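The values are calculated or read from the model by the stated rules, or taken from the named source; none is laboratory data. Quick caveat: nothing in here was measured; it's all calculated off a predicted structure. Cβ sites come from the backbone with ideal geometry, for glycine too, and all protein chains shown count toward neighbours.
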Amino acid sequence: MYRRAIFDNPGLKLMLYGAAGSTKTRTAATAAADPRTSPCLMLEMGGNPVSIRQYEKKPDVISCDALDDFNPFYNWLAGGQKLNDPIVGALGLHPPYKCVIIDGMTEVQRYAFAIVTGAKDTKPGTIPATAEIQHFNKTLGLMINFARLFIKLPLHVIITSLEAEKPNSQGTNNFRPLLWGQAAGEVAGFPYMVMRLVHRTRLDAKTLASFDEPLDPKAPIVSVGLLKQAGTYYAKDQYGTGLTQIIEPSITKILDAIEAAGSPINLPDPVSPPSTESEPEPDSVPTNQEQSTNPKTN
């Protein structure tokens with residue numbers, strides 16, 4: 001079905017990527033502290049929600065142990081977040097959510113490869129099967145579908161990924177989201193903003209020289225969010241904030257920058273209050289017979 005394109009209110013569609021310890025999970029979780037993106041639901045696979053344990057306001061965090069674990073949550077969010085869905089009471093959810101965070105796209109892809117290569121149940125000391133071209137094609141299809149469906153939800157959507165570092169011909173390194181094959185470019189093509197998060201100790205002189213304002217060497221800065229693509233790393237800002245970087249980024253700072261550039265940040269398609277009308281129970285919640293582990297809270 002066709003529809004008019006949305007220009008005035010696209011919502012927040014954000015990808016955060018960086019090395020381990022670059023504050024991806026912590027930055028994404030600050031969405032729970034901003035009324036424009038709260039309440040917030042985080043679906044994590046291989047993320048590190050322990051890092052937000054001291055936050056006063058946190059997302060509702062669900063740990064997904066299998067790819068199928070994401071399906072009931074996607075169905076529920078896409079279907080209007082009905083209060084009488086079994087997952088609401090079973091997991092203590094607090095709808096209606098304004099924002100969903102997918103924390104761990106790198107691990108989502110790794111799990112997909114484990115499935116298509118038959119290595120899902122490989123033991124720690126066993127060498128897994130080698131991925132062939134057909135496995136990359138099949139996994140690429142899954143990653144594109146996964147990213148497209150979640151990004152198009154009528155919610156603010158934040159996804160995170162680890163960082164791939166590859167030497168280049170100039171003697172430096174190139175950085176991009178850590179997704180194998182074409183998935184890095186394909187998945188990063190869906191969000192309107194892709195921010196590379198870097199711990200301040202890993203910033204090189206050339207990157208520092210490009211900053212709008214110099215870093216205060218005495219300030220207790222942990223991370224910097226890079227928004228302007230450079231020769232060595234990938235980033236994009238289709239909201240047109242004009243910023244090169246955000247110091248100690250948070251979702252509030254990102255939203256403020258987007259709104260200052262003239263893009264209002266409301267829900268892409270306002271979420272109606274969850275329905276409490278009686279209706280047949282959905283069959284989207286997996287049973288113990290259907291998969292080995294159900295979604296659980298963290």
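Observations
- Of all the residues in the stretch 181-202, those that are assigned to a loop (DSSP other than H, G, I, E, B) and either surrounded by fewer than 18 Cβ atoms within 10 Å (Cβ to Cβ) or touching a Leu at 6+ places or on another chain (Cβ under 7 Å) (or both) number 4.
- Checking each residue in the stretch 14-51 for being hydrophobic (A, V, I, L, M, F, W, C), surrounded by fewer than 21 Cβ atoms within 10 Å (Cβ to Cβ) and touching a residue at least 12 places away in the same chain (Cβ under 8 Å) picks out Ala19, Ala20, Ala33.
- Cβ-Cβ distances below 6 Å connect the following pairs, each with a first residue in the stretch 90-113 that is surrounded by fewer than 24 Cβ atoms within 10 Å (Cβ to Cβ), a second residue that is modelled with pLDDT of 95 or more and of a type in the set (Gly, Ala, Ser), and a separation of six or more residues or different chains: Thr106/Ser161.
Table: residues versus (1) outside any helix (DSSP H, G or I); (2) under 29 Å from Lys120 (Cα atoms); (3) acidic (Asp, Glu).
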residue	(1), (2), (3)
Leu16	yes, yes, no
Leu41	yes, yes, no
Val50	no, yes, no
Lys58	yes, no, no
Asn71	no, yes, no
Asn75	no, yes, no
Ile87	no, yes, no
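- Taken over the stretch 121-160, the criterion of being without any contact (Cβ under 8 Å) to a residue 40 or more places away in the chain, charged (D, E, K, R) and either within 27 Å of Met15 (Cα to Cα) or part of a helix (DSSP H, G or I) (or both) is satisfied by Lys138, Lys152.
- Residues satisfying the stated conditions in the stretch 151-179, i.e. among the hydroxyl-bearing types (Ser, Thr, Tyr) and out of contact with any helix residue (DSSP H, G or I) (no Cβ under 9 Å at 6 or more places or on another chain): Ser169
- Taken over the stretch 95-120, the criterion of being in a loop (DSSP other than H, G, I, E, B) and closer than 27 Å to Ile133 by Cβ is satisfied by Gly104, Thr117, Gly118, Ala119, Lys120.
- Search result, residues across the stretch 96-144 that are within 23 Å of Glu163 (Cβ to Cβ), at pLDDT below 85 and among the hydrophobic types (A, V, I, L, M, F, W, C): Ala131, Phe136
- Cβ pairs under 9 Å, 6+ apart, first in the stretch 208-225 and farther than 17 Å from Gly242 by Cα, second of a type in the set (Ser, Thr, Tyr) and surrounded by 10 or more Cβ atoms within 10 Å (Cβ to Cβ): Val222/Ser22; Val222/Thr23; Ser223/Ser22; Ser223/Thr23; Ser223/Thr27
- Looking across the stretch 212-242, the residues that are touching a Ser or Thr at 6+ places or on another chain (Cβ under 9 Å) and either over 22 Å from Asn168 (Cβ atoms) or β-branched (Val, Ile, Thr) (or both) come down to Asp212, Val222, Ser223, Val224, Gly225, Thr232, Tyr239, Gly240, Thr241.
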